[in-house]
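Below is one structure, written out as structure tokens; the observations come after it.
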Amino acid sequence: MHKIIIPRFDPAMKTGRIIKWLKNEGELVNKGEPMVVVEGEKTVFEVEAPASGVLKKIFYQAGSEVEVLKPIALIGEIDEPIPKELIEEIEKIKVEKKIELIEKPKIEKPPAKTFERVKASPLAKKLAEEYGINLEEIKGTGPGGRITKEDVLNAIKALEVKPTLTEASIPGLTFIPIAKIIPLSRTRKTIAERLIYSLHEAASTTITTSVNFEKLLEYRENLKTSLGEISLTAFIVKAAAKALEEYPIFNSTLDKEEIKIFEEINIALAIHTEEGLITPVIKNSNKKSIVEISNNIKELTDKALQRKLSIEEVTGGTFTITNLGLYDVEVFIPIINPPQTGILGIGKIKKKPIVINDQILIKPIAILTLVFDHRVVDGVPAAKFLQKIKNLLENPTELS
């Protein structure tokens, strides 16, 4: 008996939603044949049959949210019985999930208190009762040490007590009205979790440098005749990939007490979609030509916008590049894409005055920002790595 599971294609992936079954129970299936369409945090993908046989049992129907690596169906021989233990295991998971959904976390409201002998304004007393604040522990700032509304509000803020009041319940206390509530999409939720994880776990450090793109823009223009239009980002990807060859410490991840250098250089490229940010990967970027990288970028961008990226296309990134130059952003500080060690941010190319050989000249300049995990590498190697990228971009013939 072979289990069909929802694979984990990203360290942060916890669940997948079954969109549609492509086979029915009792149908013959071949190994490698698409069985079910699943929506993950980053993309929609098909799960293939792990073996040939008969689709014996479907445990979860379309619309179900299932933990990764849990069996969602079974493939076996026609007369092969389904193990009773496995069915019981699935039913147990379903029951636990239902209980989890039904049971809401109990919120214990602090007991209300009355403070007849405490010198406090009526509004301060009412606030204290609503929030369960002990007025005896607050030092009043009003006349004669009288506790004011502001004293209680400061105490509430210090204790991070969540408000349960309505605007109408406290005269003079204004809450901002909500115009619209937007539930977090799966992609947005994943982005939030990953970035918070990154900010909490990595010792993010930022350095920047200015790059003169004059030669690169001329070089790209000259290549148009023979090679056609090439994405400017392709040159930046290539430059970063070549720099990673020389400074592999930035092509690594910190795993507990070990720094693991990746064997491949796979540049992930941040792409904005209506669903949120997604980072398809240009595998072996250092071994590809500029034209191949440019074609990869176009193909991956088109797929990202249509939500047609495969698992392979969004996994395995070892270093990330994000470019906000198209949106007139000159400088920004990106957040490391975990579990990677570094990320490169590209700002807008803008004509600026610079000094060359004691002359002030106007050149197309962009700010490159490198954010790296200081737990893995120090500032000087980071500066050298960024300097390498700068030198390659300012001498583009070295990128070929």
Review point. What FRET efficiency would be calculated for the residue pair LEU227, ASN24, taking the C-beta separation as r and a Förster radius of 60 Å, to the nearest 0.05?
Key: 0.75
Exercise for review: Divide by every residue of the chain the summed helix terms, -39500 (n - 2.57) for each DSSP H run of at least 4, and state the resulting mean residue ellipticity at 222 nm, rounded to the nearest 500 deg cm²/dmol.
Suggested key: -9500 deg cm²/dmol
**Study point:** Cβ-based charge dipole, the chain, positive-most Cα from HIS200, ILE321, PRO34
**Key:** HIS200
Study note, to complete from the structure: Excluding residues fewer than 8 positions from LYS351 in its own chain, the aspartates and glutamates with Cα under 20 Å of it are GLU214, GLU218, GLU221, ASP328, GLU330, GLU394
Practice item. First measure r as the distance between the Cβ atoms of GLU218 and VAL380, then evaluate 1/(1 + (r/R0)^6) with R0 = 30 Å and state the FRET efficiency to the nearest 0.05. Key: 0.40
**Study point:** Note, ³J(HN,Hα) from phi for the range 314-327, Karplus 6.51, -1.76, 1.60, rounded to Hz, x at Gly and Pro
**Key:** 10, 10, x, x, 10, 7, 10, 10, 10, 10, 10, x, 5, 9
Practice item. Measure off 7 Å from each Cα along the Cα-to-Cβ vector at ASN134 and LYS351, then give the distance between these two points in nanometres to one decimal. Key: 6.9 nm
Point to revise | Using a Förster distance of 60 Å, the FRET efficiency for ASN284-ASN154 (Cβ separation, nearest 0.05) | key: 0.55
Review point. What is the magnitude of the charge dipole of the range 302-352 about its Cα centre, with +1 placed on the Cβ of each Lys and Arg, -1 on the Cβ of each Asp and Glu, and no other charges, expressed in debye to the nearest 20?
Key: 260 debye
Check your understanding: Full extension from SER210 to ARG146: what is 0.36 nm times the residue separation minus their Cα-Cα distance, to one decimal in nm?
Key -> 17.3 nm
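Readers should treat all values here as calculations from the given coordinates under stated rules, not as data from a laboratory. This one's a predicted model, so the numbers in the text were calculated from it and none came from an experiment. In this analysis, Cβ positions are derived from the backbone assuming ideal geometry, glycine residues included, and neighbour counts consider all displayed protein chains.
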